[in-house]
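A.B. asks: Here it is: the structure, laid out below.
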Amino acid sequence: MKQLILFVLIFASLVLSADPPKPTYSNKYHTEFIFSLPYAGLNEPYVVDFDETKSRENINIYNGLVRNLYLYDATNDARYEIIITQDKQSCFKNPVDHLTPPKEAKSLTPVIPDLTDWTYTGAKVRRGIQCNYWSYQDTQYNTTSYYEFYAEVNSNQPVQYWMTGVDVVFGSHYDEYILDYYVFQDKTVDESAFVVPDVCKKPETEIPHVFGRNVMQFKNLFPKSINKQANSRFDRFMSQFGKKYNSREEYLSRKNIFENNMKKIEEHNSQNKGYSMKMNKYADLSFDEFRSLYLLPTIDAEKHEQLSQNLWEPETLYSLPETFDWRKYGAVSPIKDQATCGSCYAFSVIGALEGQHFLSHGKLLEFSEQNVIDCMWNAPHKSWGCDGSEQWKVFDGLMNLGGIMSEEDYPYLGVTGYCGFDKTKKAATIHSYYNVSNDEQIVMQALYQMGPLAVSYDVVSSNVYYSGGYYEDDTCSKTSLNHAVLMVGWGNYQGDPTKPYWLIKNSWSTHWGDEGYMYISRKNNDCGFTSQVTYPILNRD
């Protein structure tokens, strides 16, 4: 009898300790979730209808501010993107036969991870819901990536997906993403989501546009199920940064790009130049892809007649200090992240406006980049939302609009939305703006006397992987400019007078460069930093 009781107890113990079955989901579902990027301060609501059985998907972001519709069937075989342009919807259409390689172009974007290689970890409460959760962990290049997926204990309904990566040497983060699922309906979709809207019957052709920015940032969020014995550095890169590819052709294409980029990084670092490069999440992108997602259409500063107008030139040249940094005086807001919106020009403009407000009011107030992105479509000199503009156009447009709102009242979304400018909530108004002559000493005096400056420069591939040090690259142009930033200081790198630099604030988060900043050579107008320099003047109201 005792043996029987012991057997029953052991059996019950084994049953109770058995891991719950791993959740499995179909390749057809409807889900609604919040996609959060804590370090960028973004919380993006998504509604997704995913139907791999018919090669179709609809991704709705911010309640319709951006919509991506993929219909890879005999009738359409195209993808559509609907965005807001000031006060109306505009539709862009990309037939698949215009894209290469076609198999890569036709890939859909699943929003539930494949849990094949994940391990049951335990039970936790998430958002007040009792959950089982599974985890996945990988350490490569001194960096550990962590993934967790939470499902409701009884129904296995998705509740939350969480991913982060931590540098095990310095303990610093490099990224964090959270998906909070609020609705999940397996094996069903909303059929109305796949109806091509009327606005797409006459697609936009006049506005320059890069397709699928927000989807691309989301596409590689989940780790790929890979052989645990895989030892290629590309597989380790995929695991480290949560990359996933939907076909063998795409995998091989990305691997080739990655290997070429890694070769450049390793060759550079072996030469002991003045700055270092390191692999980051952009390493599987070609430079052309990076340029289309994060940079501006190239501006030819040499032929830009506007730069000779509204010129600021000092009456007297001052004797200036060897080193100067507006951050030390409190005139510069924290580093931000433009995400996959080509809005660097807005961050450059806002940084200059914030500096002016500090100079005139003695305190820093953060202004709204989203106000700039949304409200310049109808300005005298058009801007293109997430597809770029120039700083002087925005200053002129804000004068015409009647002011700028604060970041608190008009927070950043990372997509183009309806113009929500409210004059009753304006935080400042712009009186005028000035361009600064293309002369190092004059630019230094303008920076010292007038505050942080909105500048542009030419980003080349080495700049994408810059991780600190004194940056020089003789392949970048002095006149063909494709990125906007904020100039906040100057100096001699590590006190060496042979290494004079400009101190530049970027908008690619603290994970790029030296905590988001760059020390760029100011010799011979390297990369064009003095070719297009602008600053605003605020009204004293």
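A.B. asks: Kindly list, by first and then second residue, each pair from a residue in segment 48-77 that is not assigned by TED's automatic domain parsing to the domain that holds residue 111 to a residue that is buried (at least 18 other Cβ atoms within 10 Å of the Cβ) and assigned to a loop (DSSP other than H, G, I, E, B), limited to pairs with Cβ atoms under 9 Å and residues at least 6 apart or on different chains.
C.D. replies: Nothing qualifies.
A.B. asks: Just checking, how many residues over segment 99-113 are modelled with pLDDT of 75 or more and either under 18 Å from residue 153 (Cα atoms) or among the hydrophobic types (A, V, I, L, M, F, W, C) (or both)? If you could, list the steps in order and put the result at the bottom.
C.D. replies: Residues of segment 99-113 modelled with pLDDT of 75 or more: 107-113.
Within this subset, residues satisfying the condition of being either under 18 Å from residue 153 (Cα atoms) or among the hydrophobic types (A, V, I, L, M, F, W, C) (or both) are 108, 111-113.
Final tally of qualifying residues: 4.
A.B. asks: Which residues, counting only those in segment 353-412, are part of a loop (DSSP other than H, G, I, E, B), touching a residue at least 24 places away in the same chain (Cβ under 8 Å), surrounded by fewer than 16 Cβ atoms within 10 Å (Cβ to Cβ) and small (Gly, Ala, Ser)?
C.D. replies: Passing the criteria: only 402.
A.B. asks: Sticking with this one: Search segment 256-276 for residues that are of a type in the set (Ser, Thr, Tyr) and pair each with any residue that is assigned to a helix (DSSP H, G or I) and surrounded by fewer than 16 Cβ atoms within 10 Å (Cβ to Cβ) when their beta-carbon atoms are under 7 Å apart and the residues are at least 6 apart or on different chains.
C.D. replies: As it stands, the answer is 276/269, since those pairs meet every condition given.
A.B. asks: Among the strands (runs of 3 or more DSSP E) contained in segment 455-541, which hold 2 or more residues that are within 22 Å of the chain's Cα centre (by Cα) and buried (at least 19 other Cβ atoms within 10 Å of the Cβ)? Walk me through how you get there before you give the answer.
C.D. replies: Working: elements: 466-471, 483-492, 500-505, 517-521, 533-538.
It comes to 483-492, 500-505, 517-521.
A.B. asks: So which residues in segment 317-328 are in a loop (DSSP other than H, G, I, E, B) and of a type outside the set (Phe, Trp, Tyr)? So that I can check it myself, show each step before the final result.
C.D. replies: First, pick out the residues of segment 317-328 that are in a loop (DSSP other than H, G, I, E, B): 317-323.
Matches in segment 317-328: 317, 319, 320, 321, 322, 323.
A.B. asks: Let me ask something else about it. Name the residues in segment 329-349 that are hydrophobic (A, V, I, L, M, F, W, C), under 14 Å from residue 487 (Cβ atoms) and part of a helix (DSSP H, G or I), would you? Show your work before the answer.
C.D. replies: From segment 329-349, those hydrophobic (A, V, I, L, M, F, W, C) are 331-332, 335, 339, 341, 344, 346-347, 349; that's our starting set.
From what's left, under 14 Å from residue 487 (Cβ atoms): 331-332, 344, 347, 349.
344, 347, 349 - these are the residues of segment 329-349 that are hydrophobic (A, V, I, L, M, F, W, C), under 14 Å from residue 487 (Cβ atoms) and part of a helix (DSSP H, G or I).
The values are calculated or read from the model by the stated rules, or taken from the named source; none is laboratory data. All values derive from a computational prediction rather than experimental measurement. Cβ atoms come from the backbone with ideal geometry, glycine included; neighbour counts cover every protein chain shown.
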